[in-house]
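Down below is the structure, laid out as C-alpha cells.
The values are calculated or read from the model by the stated rules, or taken from the named source; none is laboratory data. This is a predicted model, so every value here is computed, not measured. Backbone-built Cβ (ideal geometry, glycine too); neighbour counts: all protein chains shown. Surface accessibility is based on the protein's heavy atoms, side chains included, excluding ligands, DNA and RNA. Shrake-Rupley method; radii C 1.70, N 1.55, O 1.52, S 1.80 Å.
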Amino acid sequence: MSKASRNHAPLARKLLVLGALPAVVMFIVLMGFFTSARLEDARQNLTNTGQMLADSLAPALEYPVVSGNRAALEKLLSQSLKHSDADWVKVTDVLGEQVGLVTAPGASGPGAGKHFLTFKSEILQQPLQIGSNEANEWFELEYGFDTGALRVGTVEVAVSTRSLEAKRQDILWTSIAVGVALLLFTILLIRHFLGSILAPIHGLSARIGRLIDRDYRQSPISDHKNSREIINLEEQLNTLSQHLDSLETGRDQVLAASEAAREKAEMASHAKSEFLATMSHELRTPLNGVLGMVDLVQEEPLTPRQRDYLQTARQSTEDLLTVISDILDYARMDSGSLELDNREFDLRELITNCSASYRHTAEQQALVLNLTFYGEWPDRPVVIGDAARLRQILAGLLDNAIKFTGEGFINIQAGCFPLEDNCILLNCSVSDSGTGIPNDRLHDIFNSFEQLETGSTRGYGGTGMGLALVQRLVELMGGHIQVETDFGKGSSFRFELPFELASPGETAPASPPVRSREPVEGSNHALVVEDNAVNQRVASAMLSRLGFQTDTAENGKQAVAMVKGNHRGYDVILMDCQMPVMDGYEATRHIREWEQSNGQLGTPIIALTADVLPGTEATCLENGMNGYLAKPVRKEKLREVLSRWLPV
C-alpha cells in the first residue's frame, strides 16, 4: 500500500460520516428545541400550580381570617401544603401582619434565601346574597349595605426553584439518553446500508487488483441488488480485461519474435566475430611470413634494383595489412566490441614520431611535411588514453593527404589547451594543398566505402574506409572532427580530443616475476611454438639475428614435453595461441603448473598470434603469458619486447 493511500480515509468512513453528520446535526437541533420546550413547560406548570394553589386557598381562607380562627386557618393551610409541592404558605391580614404560616417538612421558611418563587392571591370577603321577599327589605342598599367584595388579607404560596432545577436535570438526562439511543440506531442503520453499497465497490477494487496482477479472466455480472452504474462498470472491466488479454498475447508473440531475432543476431554476431578472428589469423599468418622474409632478405647484400623490388613488395604487403586492420577495426566498431586502451603516453612525442614516419613518403612525392606545435603545452605532456588509436587517426589523415596531394605541402598543427580537473584538449589539424573536395560531396566523405571518384577511371585507389574509420575513432574517444575545403586548392581536417594528464607519481605496473638465468655458451635459448612452418622459420631467423639459439615445436603438447625434457631450460618462449592438438593457452597453463610444482620461477612466455580482436591480450595475460605480439612481427618490435626480460 502506498504512502498516499495510507494518508487518505477509506470510502466507508467517508460515507459513514456523510450519513451520520446530518443525523447528528438534526439530533442536536431537535434535542435543543424539545428540551427547551419541555423546560419551559415544566417552568410554566410550576408557575400555574403555585398560582392555582394560591387562588384556591384565598376563598377558603375568608372565614378563618375574618373570624380570627387561627386553628382552622393552620389546619386548612397544613392540609393544602400536604398535597402540593409548595415549601411554605403564609397568610397576612389587611395591614400586612402575618396571621398564619405553614412550612413543609425539611423546607426553610420565608427570608431563608432568594431561591423561591412566590405566588400571591388576595383574600376577599364576598357580600351576602339576599332574596327579594319582604322580610329582607331592610338589608337593601338604602339601609347602607354595599354589594362589593372587601379585601381582608393575602395568601402567599412559595415554591423552591430547586424542584425546577431537579426537573430540568431530569429532562436533560432523559433527552440525552433518548437522543443517543436514536443516534446509535441511525448509525447502525447507515452501516447496514453502507455494506450493501460498498460490497460491489470492494468487488470492483479486487477485480482491478487482479487486472494489475495480470489476471485477465472475465467475471460474471450479477444483477441482484446492484445498481445500474455498478453493472456498467463490471461490463467495462470485462471489456478491458479482454482487451488487455489480447494485448498481452500480442506482446508475448512480439517478445518471442524479438527474442528469436536477438538470438539470431547474437549467433550472427558470434559467427561474425569467429569469422573475423579466423580471417585475421589466416590472413596475418602468411603476411607475417612474407614481411619476415622480406626483412631478412633486406639485411643481405642486394643490388639497388633488388632492394627496390623488395621495398615495393614490403610496401604492398604493409598496404594489404593496413586494409585488413581497417576492415577488422571497422567491423569491431560496427558491432560495438572495440574497446579503448587507457595507458600513459607522451602526447607530443607520439605526434612527432607519427609525422616523422610519413616524412620520407612525403619527400618521395616532392611534398613538404611541416609539424607545428602551438598553445599551452605542459612541460610533461604525458596523458592517459589510447595511443595506438590516436596514431591511427593521424596516420589515416596523413595517408589521405599524401594520396590526394600531387605537389605542394602538408601541414600538421597540434595545439594544446588546458581544461578543468587536470584535463587538456588536443586541437590537431592536417592541411594539404591537394585537389580539395567539391562542396556537394562534403557530406559523403565520412561514409564507409565512399570515394569522390567511382568507376574504372577513378584517379585514386583505396577502399574508401580511411576517413570513415577516422571519424568513428574520434567520436569513440570523445571528440569530433570537421573538414574545411576549397575545391582545387586543398583541404583541412581538424579534430579535437580531450585527455587526462597523468599524475607524476603514477608508475607502470610491475611485470610478473620471471626466471633469470645466465646465457648458455654465451647465447640465450628460445623455444618457438608455431604450427605454420613458414612462421617457424621467420621467428627462428629473427631470434638468430638477435643472438638466440632456437628450438621449434608444432603444437602446445609438443612444447610442454620439450619444456619438461630440457634440463637447461629456455630463456624465453614464443607461443602461438591457435594451434592443433593443444592451443597456446592450455600449453601455457600446463607449463605454469609444472614450474610451480618444481619451485621454479616462470619462464617469459610471449604470445605470438595473428588474433588482434579485443580481449585477446587480456586472455593471454590471464592464462599466464607475460607479453603479447601481434603478427606480422617486426624484428625491432620483437627486440623491444624481449628486452623487458633479457639483454638483447
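Going by what's in this entry, would residue 43 be described as basic (Lys, Arg), surrounded by fewer than 16 Cβ atoms within 10 Å (Cβ to Cβ), under 16 Å from residue 154 (Cα atoms) and touching a helix residue (DSSP H, G or I) at 6+ places or on another chain (Cβ under 8 Å)? When the stated conditions are applied, residue 43 does not pass them.
Only one of the numbered conditions (1) under 16 Å from residue 403 (Cβ atoms); (2) open to solvent by 50 Å² or more (accessible area, probe 1.4 Å); (3) modelled with pLDDT of 55 or more; (4) of a type outside the set (Gly, Ala, Ser) is not met by residue 531, and that is (1).
Listed by first and then second residue, the pairs with beta-carbon distance under 6 Å, at least 6 apart or on different chains, first residue in segment 531-560 and over 20 Å from residue 588 (Cα atoms), second assigned to a loop (DSSP other than H, G, I, E, B) and open to solvent by less than 70 Å² (accessible area, probe 1.4 Å), are 546/648.
Residues are listed down the side, and each one gets a yes or a no for (1) closer than 22 Å to residue 150 by Cα; (2) over 60 Å from the mean Cα position of the chain (by Cα); (3) at pLDDT 80 or above:
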{"position": "64", "(1), (2), (3)": "yes, yes, yes"}
{"position": "71", "(1), (2), (3)": "no, yes, yes"}
{"position": "79", "(1), (2), (3)": "no, yes, yes"}
{"position": "82", "(1), (2), (3)": "no, yes, no"}
{"position": "85", "(1), (2), (3)": "no, yes, no"}
{"position": "91", "(1), (2), (3)": "yes, yes, yes"}
{"position": "98", "(1), (2), (3)": "yes, yes, yes"}
{"position": "106", "(1), (2), (3)": "no, yes, no"}
{"position": "116", "(1), (2), (3)": "no, yes, no"}
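Scanning segment 161-187 for residues that are open to solvent by 90 Å² or more (accessible area, probe 1.4 Å) and not basic (Lys, Arg) yields 170, 173, 182, 184, 185.
Give the residue, chosen from 190, 201, 208, that is assigned to a helix (DSSP H, G or I) and either at positive phi or open to solvent by less than 40 Å² (accessible area, probe 1.4 Å) (or both).
Details: 201 fails: either at positive phi or open to solvent by less than 40 Å² (accessible area, probe 1.4 Å) (or both); 208 fails: either at positive phi or open to solvent by less than 40 Å² (accessible area, probe 1.4 Å) (or both).
None of the other options fit; the residue is 190.
Could you list, in sequence order, the residues of segment 378-418 that are open to solvent by 40 Å² or more (accessible area, probe 1.4 Å) and free of Cβ contacts under 8 Å to residues at least 60 places away in the same chain? Scanning segment 378-418 gives 379, 388, 391, 403, 406, 407, 409, 411, 413, 417, 418. Condition check: in a strand (DSSP E or B) and open to solvent by 50 Å² or more (accessible area, probe 1.4 Å). Does residue 95 satisfy that? So residue 95 fails the test. One residue stands out in segment 398-426 among those that are of a type in the set (A, V, I, L, M) and assigned to a strand (DSSP E or B): the one that is nearest to residue 485 (Cα to Cα), namely 410. Could you tell me which of the residues 156, 137, 122, 165 is touching a helix residue (DSSP H, G or I) at 6+ places or on another chain (Cβ under 9 Å) and either at pLDDT below 60 or assigned to a helix (DSSP H, G or I) (or both)? On inspection, the qualifying residue turns out to be 137. Count of segment 298-315 residues, restricted to those that are open to solvent by less than 70 Å² (accessible area, probe 1.4 Å), in a helix (DSSP H, G or I) and more than 17 Å from residue 638 (Cβ to Cβ), is 2.
Does residue 258 fit the bill of being modelled with pLDDT of 75 or more, closer than 30 Å to residue 201 by Cα and in a helix (DSSP H, G or I)? For residue 258, the condition - modelled with pLDDT of 75 or more, closer than 30 Å to residue 201 by Cα and in a helix (DSSP H, G or I) - is not met. Scanning segment 46-81 for residues that are open to solvent by 20 Å² or more (accessible area, probe 1.4 Å) and either free of Cβ contacts under 8 Å to residues at least 12 places away in the same chain or not in a helix (DSSP H, G or I) (or both) gives 48, 52, 63, 67, 68, 69, 71, 72, 75, 79. Taken over segment 583-627, the criterion of being of a type in the set (A, V, I, L, M) and within 24 Å of residue 543 (Cα to Cα) is satisfied by 587, 591, 601, 605, 606, 607, 608, 610, 612, 621, 625.
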